[in-house]
1. Considering the range A:123-143 alone, what residues qualify as being in a helix (DSSP H, G or I) and either hydroxyl-bearing (Ser, Thr, Tyr) or closer than 22 Å to B:Ile104 by Cβ (or both)?
2. Can you name every residue in the range A:197-206 that is in contact (Cβ under 8 Å) with a residue 24 or more places away in the chain and either within 9 Å of chain B (Cβ to nearest Cβ) or open to solvent by 10 Å² or more (accessible area, probe 1.4 Å) (or both)?
3. I'd like the residue in the range B:249-262 that is modelled with pLDDT under 90 and under 27 Å from the mean Cα position of the chain (by Cα) and, out of all such residues, is least open to solvent (accessible area, probe 1.4 Å).
4. Inside the range B:471-501, can you point out the residues that are at pLDDT below 85 and in a loop (DSSP other than H, G, I, E, B)?
5. What strands (runs of 3 or more DSSP E), lying completely within the range C:156-222, carry at least 3 residues that are in contact (Cβ under 8 Å) with a residue 60 or more places away in the chain, β-branched (Val, Ile, Thr) and surrounded by fewer than 21 Cβ atoms within 10 Å (Cβ to Cβ)?
6. Does A:Ser51 qualify as being modelled with pLDDT under 90, over 22 Å from the mean Cα position of the chain (by Cα) and closer than 24 Å to C:Arg70 by Cβ?
7. Name the residues in the range B:268-287 that are in contact with a Pro (Cβ under 7 Å, 6 or more places away or on another chain) and not in a helix (DSSP H, G or I), would you?
Amino acid sequence: MSRNLGGLLASKRRQRHLITLGRVIVSILAIAYAVFPVLWIASASFDPRNSLAQQRLIPPNASLENYRALLNNPLQPFPRWMLNSIKVSLITSVLAVIISALAAYAFSRFHFRGRRSLLLTILLVQVFPNFLAMVAIFLLLQQIKNYIPSLGLNTHGGLILVYLGGALGINTWLMKGFFDAVPRDLDESARIDGASDWQVFWRIIFPLVRPILAVVGVLTFIGTYSEVLLASVLLRSKENFTLAVGLWQLIEGQYTQKWGIFAAGALIGAIPIMILYLIAQDWIIGGLTQGAVKG
Amino acid sequence: MRRRTQTQQGFTYSLSAILFRLFGLAVIDAFALWILPQMIHDRVWYLVVLLVVITLGINIIFLKEEYYPLRWMSPGLALMILMVVYPLVFTVYTAFTNYSDGHILTKQQVIQVLSQRLYLPEGGESYRWTAYRSEDGRYALWLVAPDGRTFVAFPGEPIQPADPGQGDIGPADEQGTPTHIRDLRRLDRIQVIRYLPDLEKLEFGTPPHVLKIRSLDEAAALQPRYVYDPQQDAIVDQQTGKVYRADDRRGSFVAEDGEALTPGYQVFIGAANFQRLFRSPALRGPFLKVFLWTILFAAGTVLTTFALGLFLALVYNDPSIRGRKVIRSFLIVPYTVPSFISILVWRGLMNPHIGVINTTLEKFIGWAPPWFSSPTWAKIGVLLVNLWLGYPYMMLISTGALQAIPEDLYEAAEIDGAGMWQKFWTITLPLLLVSVGPLLISSFAFNFNNWNVIYLFNRGGPPMPGTPTPVGHTDILVTYTYRLAFASGGGGDYGYASAITIIIFLIVATITYFQFRYTRMWEEISENV
Amino acid sequence: MKQRHIWTLLVILVVASLLVTACAKATPTPTPTPVPPTPTPKPPTPTPVPPTPTPQPPAAKLVIWADENRAPIMEEIAKAFTEKYGVEVEVQQVGFGDIRDQFKVAAPAGEGPDIIIGAHDWLGELVVNGLLAPVDLGAKKEKFLPSALQAFTYNSQLYGMPYLTENVAFFYNPDLVPEAPKTWTEVTKVAAELEKAGKVKQGYVLHQGDPYHFYPIMTAFGGYVFGKDKDGNYNPQDLGIDSPGSIAAAKWLDMMVKEGHLKPDVDWDTAHTMFEQGDAAMIITGPWALKRIRESGVHYKIAEIPDETADGHPFSGVHGFMISAFSENKLLAQTFLTEFVATEENMWKLFNADPRPSAFLPVREKIDDPDIAAFGLAGKNADPMPAIPEMSKVWEAWGNAITLIFQQQEDPETAFKNAAEQIRQAIAGGQ
C-alpha cells in the first residue's frame, strides 16, 4: 500500500518534471517562432545598405546610421509622431473600452426585443469590406470641420472620433461573452439591496470583468497604433502625423523605400505596445478570481 | 422578464437622476439646434440627416422607458452610425452611380471647372502690363499694346488710352512706365507677386472689353471658352459654337457628333454596375477556384491562428510558470510590428535563392518548398505567414476569455476523474467559444477580405495560365475582383468596385449569418452554466 | 409626474435653443463653402472705390503636396519664397503613391493642394477627371528638356513643369565583364561563360515578372506596348504585346530560363543584392538604386541598353509640378513655379536632394556626375511611360505573362498572346 502510494507520488513528480520540461521546450520554440522574423527586421535596421534581403543576421557593415537618421531629423520628427500615436491610441482605447462595456452590459443583462438582431447588425456592419470608407469619412470630417473645428480634418480629435466608430463592433461581442459568464445571482442580490443598474454595473460587474476590459483595451490600442489608411488621409500636417503614417511614408514609394530607417522605426515603435501589454497583464490575469465570482 | 423588473424600478429614479438626464438631453439638443441652421444654410443635407437621426434617436431612447437598454449603447450606436453606417450607405449609393475616373465630379463642379477654361478670341487684344495699387487695396493696370499704344485699366471702368504725365497719371520713368496712377503706386516685381492673389481674380475694364492677367508678362481679353446654358442644359463652346448637351444617363456633356467633354460627371446609373459584374469574363473564368480558395484561406487562417493562440494561452495560463509575463510579451511581438514589413521579411526568408529558411532546408534535407512557383506551396506559404501574423490576436483574446471560466468547474471535473484532455473538450473549449465564437466569425469575415497579406506576400501569384482576366493561384475574391475594377475600365472604377463590394458582402454576410445561428447555441450553454 | 418632466424638458430646450440660435445669429460664423454651388462666372466687379482700407497683403496661401523624399527640400524653397515675397507656402508631406488617390478626393472637396509633385504618367487620370489646370511656362519654356515637356503634354496642352527625368540603364561589373555587351546575344554569351567558369551565380540577373524592367529587352527585339501616331501620341488601339518583336523577346527570355541563365523567383531586392555581392555581373536598374550599389563597394559601370534586332531603350519617367484646377490661386502657383522654382539655384537644390537627371537644361548640362550623365545617355531614345488611361490595364496581364515564362508554366508565344488578349478585352470592356 505505502509502496504503491510512494510510486504514485514519484510518478506524479516525474509527470510534473515532464510538464515543466515540455513547457520550457514550448516556450523556446514559441519565442523563436515569434521573434525570428523580427530579428531580421532588427538586422535590416542595422544595415546601412537599405535592403531587406539579408543573407546574414549580422549585416557586414552594421551601424547605427539608420537609428541616427530616424531620431536626429528635425524635418521628420519621429519622437513627436510616436507621442501622437500614444496619445491617440490611449484616448481611443480608454473611450472604446467604456463605450463597448456599457453596450455589452446592456446586451448581457437586459433581454429586450431586437437584441439579437442588433447584435448581428453590429457584427455585419463591421465586416462590410468598405474600401470607400476612406472617401466618405474624409468628406464627413471635411464638413464637420466647418462646425466643430476640433473634430475636423487634420485633428487628432477627428481621428479619434473616426476610430471610435468601430468601438461597438467586435469588442462588444467579446465583452458580452465575458459578462455572460459572470453569474447573475450577483446582480440579483445587489438589486435586492436596492442597487440601481448603474450601481450594479459600476460596483459589481466592472471590477469583475477587468480582464476582458484590459484585453479590449490592448487590442484597441494596438489596432489604433498601427492604423495607416485613415490616418494618412485625415492627417495633413507633419506635426500631427502618427507614427504609422510617418513610417508608412518611408516605404510606400516604389524603389524609394527606406527599409533600414523603417525597420528601426518599427522596432522602436513596438516598444510602447510591449510595455503596455506587460502592464496590462496584471489586469488580465488578476481579475476574475474564484472567490469573487461566487461572491 | 428582467426588463419588467427594471421598469417597475423606474419610479424609484431619484429626481436628481431625472434632472441630470434631462439636462444632458437639453445640452445635446441645444448643440444640435445650434449647428443645424448652419448646416441647412450650407446645404450639406447628408449631415443634416445624420444629425437629426442621431439627435432624435438619443431623445427617443432617453425619454421612452421601453428603449431603456439602448441608453447604455447610445454613445456607441451614435458613433457607429456616423463613422461606419454612413460610409457604408455611401458605398452602397456609389454602387449605383458611374463614379469612376472621368466621372468623379458633380455636374455643378464640372460646369465650374469648364467655365474656368479661358481662351483668347480671334483678334483679342493682349498687352504687357504693370500693376498699381492704392493704400486701401484698389488696383489699376498700365497696359502696353504690341503696337506700342498705352492704356490705363481699372476694374469696372472702361479701358482708356493714356500717356504718362497726362491728367492724374504720373510721369514716365526710363522705361516709359508711369510712376503712379491717381493715388495708386506702381508695384515692383516682388510686390506684384505678393498681390497676385488679388490681381489674378480681378477683371479690368467693362464688358465687352474685359482684361484678365494671364501671366506675369501678359494681360489679355480672355473669355471663358465654355459657357453653361441652363435653358437647354448644355455647354456652349464659345470658340467653335459647338453645343454639348448634358447626357444625364452617361454623365457627360455630349455634342451631336458624339464628342464628349472631359471631365464627365457623376450620375445615377441604376443597376448597370451589377449587370456588368454578372456579365464579366471574370465570372466565366476560374471564379469557382478562387471562391473555394477564399473560403479555405479564411477558414484555414481562423483555425490555425485560433489553435495556436489558444494553445499558447492555455500553456501560460498557469500562474506557476516563472517569467510568463515576459514570455507572453515576446509572443505578441508579431502583432506589434507593422505587417507591411513583416510580410516582406517573410518573403525574404522564404526566397528560394537567398532566404534563410530555404537555404537552410536545402542544406540539411536537400529540398525546400517552392513557395512562389508552386500553387500548393504558395497557398501553404500564405497560410503560414498569416498564422504568424494572426496568432497573437487569438492568444490575447483567449487569455482574457479563459479568465471567465470558473475554477470550480475544473475542480468538479477533477473529482469526477476527468483528465486534461477531457477537461479541455468538455469545459474549456465550449465555454471559451461562448465569448470567442463571434470573434472567430468576424475573423473569418476579415480574412475573407484580407487584401494585405495576399497582395504583399505574392500579389496573388503564381499566375494561372490561359485565363480570360489576369488571376493568380492565391488570389482571393477581393484581390481578384478589385483588380477588375481598377486595372480594367477607365482606371479606377469606384462604382463598379462598390458593386463588387456589395456582392462580396452578401456572400460574407450569408456565411456569417449561418455561423451566427450557432452562437445562440453557445449562449444557451453559458446560461445553463 | 412624467408629463411634468416633459414640460421641464421642453422649456429647457426652447430656452436653450433660443439662446443658442441667438448667439449663432449674433456672431456670423465664417463657414467657408469650398466649392461654391453656383458656378456662374463672376460678374465684373463694379466697385470702384472700396471704402474699407486693407493695408495687409492678401491672405493667400499656397499648399504643396510633396512626398517624404522631396518635402524637406521643398520646405526650404518655400521658406525662401515666403521671405522674399511675403506669400505663405505650406508644404504637406503625402506619400508619393498616395498623392494621386488623395488628390482625387481632396481637390474636388476644396481641401486639396494648389500644387502637387508627381509623375507624368498620372496625367491621363488627372486630366480626364478635370483636376489639373494648364500651366504656362512663358519664356522659361526654352529652359526645359523638350522631351520632358512633351511628357507633361496631354491633348496638346501642357499640364506641368517637369523637373527630373529617370530611366533604367544597363549596369555591369567591369571586374567580370571588361566591356559592355552590345547585343543581348552577347549578354547571353558572356553570362554563359561566367557561369561556366564559376565566377558568378548568374551572369545577368533580372527579377521575375516586372514589365518595367523587361521593356528595354522587348524594345531591343523590336517589341512595343502601344504604337504611336505621327505626332508621337500613344494609340491605345495598337497594342504591341503580341507583336513579333515582343514575342521574340519573350522567346529570348524563355531560352535564358531554360538554359539556366535566369532563375525564377528572384525579386528586386535579391537581384540587387546579388549584383552588389558580385554574384551577378549584369543588371538593369535605375538611379534609385545608385546609392545602395555605391555603398556596397562593388565595381560597376553604366552603359546603354544592349540592342538586338532594334534599338534597345527603356521607358522614361518625368517628375514635375502640377497645378490643381481647384486652386484659388492658380496664377500665383504658376508664378511660384516659373519665377522661383525654375531657377538654377533651386533646381540645383532639387537635384542635390535627389540626384536624377534634371529636366531643367541649365542644370542638366552642368551635371558632372558621370553616373547621372550615363543614365541620361541610356535614356536618350527612351519612350515616355504611356500616360493614357489604357496603360493601367496593361501592367497586370503583361507582368503575369513574364512570370509564367519565368516559371515555365506556359510557352512564351502563348503567354504573350493571351496577355494581349486579356488587355484588349479589358480596354474594350471599359468603354
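1. Quick first cut of the range A:123-143, residues in a helix (DSSP H, G or I) only: A:123-127, A:133-143.
Those that are in a helix (DSSP H, G or I) and either hydroxyl-bearing (Ser, Thr, Tyr) or closer than 22 Å to B:Ile104 by Cβ (or both): A:Ala133, A:Met134, A:Val135, A:Ala136, A:Ile137, A:Phe138, A:Leu139, A:Leu140, A:Leu141, A:Gln142, A:Gln143.
2. A:Asp197, A:Phe201, A:Phe206
3. Applying the filter and picking the extreme gives B:Thr262.
4. Passing the criteria: B:Ser488, B:Gly489, B:Gly490, B:Gly491, B:Gly492, B:Asp493.
5. Working: elements: C:161-167, C:169-172, C:202-205.
Filter on the range C:156-222 gives an empty set.
6. Working: modelled with pLDDT under 90: yes; over 22 Å from the mean Cα position of the chain (by Cα): yes; closer than 24 Å to C:Arg70 by Cβ: yes.
So A:Ser51 passes the test.
7. Narrowing the range B:268-287 to residues in contact with a Pro (Cβ under 7 Å, 6 or more places away or on another chain): B:281, B:284-285.
Once the filter is applied, which keeps residues that are in contact with a Pro (Cβ under 7 Å, 6 or more places away or on another chain) and not in a helix (DSSP H, G or I), the range B:268-287 yields only B:Gly285.
Table: residues versus (1) among the aliphatic types (A, V, I, L, M); (2) surrounded by 20 or more Cβ atoms within 10 Å (Cβ to Cβ); (3) more than 23 Å from C:Ala66 (Cα to Cα).
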{"site": "A:Tyr67", "(1), (2), (3)": "no, no, yes"}
{"site": "A:Leu71", "(1), (2), (3)": "yes, no, no"}
{"site": "A:Phe78", "(1), (2), (3)": "no, yes, no"}
{"site": "A:Ser89", "(1), (2), (3)": "no, yes, yes"}
{"site": "A:Thr92", "(1), (2), (3)": "no, yes, yes"}
{"site": "A:Ala96", "(1), (2), (3)": "yes, yes, yes"}
{"site": "A:Tyr105", "(1), (2), (3)": "no, yes, yes"}
{"site": "A:Ile148", "(1), (2), (3)": "yes, no, yes"}
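The values are calculated or read from the model by the stated rules, or taken from the named source; none is laboratory data. Model, not experiment: these values are computed from the prediction. Note that we place each Cβ from the backbone using ideal geometry, even for glycine, and neighbour counts take in every protein chain shown. Note: areas computed on protein heavy atoms with side chains; ligands, DNA, RNA excluded. Shrake-Rupley method; radii C 1.70, N 1.55, O 1.52, S 1.80 Å.
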